[in-house]
Amino acid sequence: MIAPVQALIVAIIFVPALFVFWLSLTESSFGQRTTFVGLANYATVLGDPYFWRALRNTVVVVLIVVHVELLLGLAMALLFASGVPARPFMLAAVLAPYAVSEVSAVVMWRYLFDVDIGFASQALKALGLPPLEWAIDPTHGLILVALLSIWLHLPFTFVILYAARLAVPGELYEAAQVDGASPWRRFRSVTLPLLMPAMLIAMLFRYIFAFRLFSEVWLMTGGGPARQTEVLAVYLYLEAFRYNAFGDAAATGWLLVLASLLLALWYLRRLYREMFAAHAS
């Protein structure tokens, strides 16, 4: 019964992954016969300073995006669970960014943060803060990319945590309140432990998705100025389609896969301990 599904998974996931791995062991380009070079592509990529800069930018943006999303999503989930006026309207407003395409979002944010006429830039100036010169300053460019990614994907984290919070039995809070527990104590002893599996799941998926961050960077800054805001996915794209180095690009892709697998393994182990270790013992 499950053989067709397994065959589909093999056809669309494992076979292409194995082909890309084989490609990473060869020197290949347009109109060029593939030549087996072993691990030379991996050595080339790992010896490229642009790769390490892209890796550093990726790690910084991912850490900011995932943890800020988690904090905001948790705060919003607790707020909505405690009761907010006009909840259906507020839920629609919170989930709206998830329905916006990345291209449309980048166009809106480029206009909002235009240094001369952007509404957000004018608001920052009115508050006495410098505008984000994202087209000139690489740090400002990465900050804007992180803010845009948070705005786009916060609904994903919020929905997971909100559903988990609604699943917590109200009797637990009533018992804690009868025992004299303060709101902070109820959060630490009841809410946080019961939400931890959902938080780990949300962080696991967001880490994996954020590691593949491409559209926001490519459409916002193009990796510039001078390749200062590149992330790993943009580096891979440039190697493949600008420099036509398919072997180097495939090697970069497999390095991304390995990083994601290692990260997923750590989170899955944590998730296993949180959800199943107690029952196994």
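A few comments on the model shown:
- Relative counts (whole %) of C-alpha pair distances in the chain, using bins that are 5 Å wide: 1, 5, 9, 12, 13, 14, 13, 11, 9, 6, 4, 2, 1, 0, 0, 0
- Crossing angle, helix 232-241 versus the chain [Cα axis fit, 0-90 degrees, rounded to tens]: 30
- Over the chain, Cα pairs under 8 Å with separation of 6+ residues give a relative contact order of 29 percent.
- Positive-pole candidate from W151, G118, L195, dipole of segment 48-280, charges at beta carbon: L195
- Between A175 and A3, the contour length at 0.36 nm per residue exceeds the Cα-Cα span by 57.0 nm.
- Check: segment 48-280 dipole with +1 on Lys, Arg Cβ and -1 on Asp, Glu Cβ, in debye: 480
- With K and R counted +1 and D and E -1, the other residues having a Cβ less than 14 Å from that of F113 yield a net charge of -3.
- A Förster radius of 51 Å, combined with the Cβ-Cβ distance separating N244 from R87, puts the computed FRET efficiency at roughly 0.45.
Every read-out reported here was derived from the displayed coordinates using simple, explicitly stated rules and does not represent laboratory data. From a predicted model like this one, the values you see are computed outputs, not experimental measurements. Using ideal geometry, Cβ is built from the backbone for each residue, glycine included, and neighbour counts are taken over all protein chains shown.
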